[in-house]
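Structure record follows, encoded as structure tokens.
The values are calculated or read from the model by the stated rules, or taken from the named source; none is laboratory data. Predicted, not measured: the structure shown is a model, and the values here were computed from it. Ideal geometry is used to build each Cβ from the backbone, glycine not excepted, and the neighbour counts take in all protein chains shown. For the accessible areas, the whole protein counts, side chains as well, though only heavy atoms, and no ligand, DNA or RNA atoms are used. Shrake-Rupley method; radii C 1.70, N 1.55, O 1.52, S 1.80 Å.
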Amino acid sequence: MDDILLKLGKRIREFRKEKGLSQSQLAELAGLNDKYLGEVERGSNNISIKNLGQIATALEVETFKLLDTSHDYEIDRKELVQKLHKIIESASDEDLCAVYGFASDIVN
């Protein structure tokens with residue numbers, strides 16, 4: 001059960017961030033307590049169907065989209081590029097050459 005709560009919380013957080021909302025803002029729009037919403041996003045509090053519907057309405061998405069975790073396996077290209085950039089920036093010259101060689105072998 002905990003796994004589904006974690007995945008649901010992650011989906012809610014993703015949609016909230018896409019809308020540029022803070023937890024407090026979303027909680028207010030959904031008519032919920034911001035502490036409760038934080039617990040839901042962390043997967044540490046169960047959620048009723050009614051509250052899920054209120055969150056979906058506030059996020060302007062269909063409720064079923066919050067439950068669809070099939071995208072968890074898709075790559076978020078922008079986030080991945082940012083992570084690679086951070087790795088490259090902190091790499092030594094030797095490691096940077098190794099990363100370049102490895103990446104070149106894969107892409108080319």
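Before moving on, here are some points about what is shown:
- Summed over the range 1-56, residues that are among the charged types (D, E, K, R) and open to solvent by less than 80 Å² (accessible area, probe 1.4 Å) total 8.
- Scanning the range 1-51 for residues that are within 25 Å of Ser70 (Cβ to Cβ) and not in a helix (DSSP H, G or I) yields a count of 10.
- Just one of the listed residues (Gly43, Gly31) is on the phi > 0 side of the Ramachandran plot, of a type in the set (Gly, Ala, Ser) and modelled with pLDDT of 95 or more, and it is Gly31.
- Members of the range 58-76 that are assigned to a helix (DSSP H, G or I), of a type outside the set (Gly, Ala, Ser), at pLDDT 70 or above and open to solvent by less than 60 Å² (accessible area, probe 1.4 Å): Leu59, Thr63, Leu66
- Among residues of the range 1-30 that are more than 17 Å from Ser44 (Cα to Cα), those with a beta-carbon under 8 Å from a residue that is in a helix (DSSP H, G or I) and open to solvent by 100 Å² or more (accessible area, probe 1.4 Å) at least six positions away or on a different chain give the pairs Leu21/Leu29; Ala30/Thr57.
- For Glu79, the criteria (1) assigned to a loop (DSSP other than H, G, I, E, B); (2) of a type outside the set (A, V, I, L, M); (3) within 13 Å of the chain's Cα centre (by Cα) hold in every case but one, which is (1).
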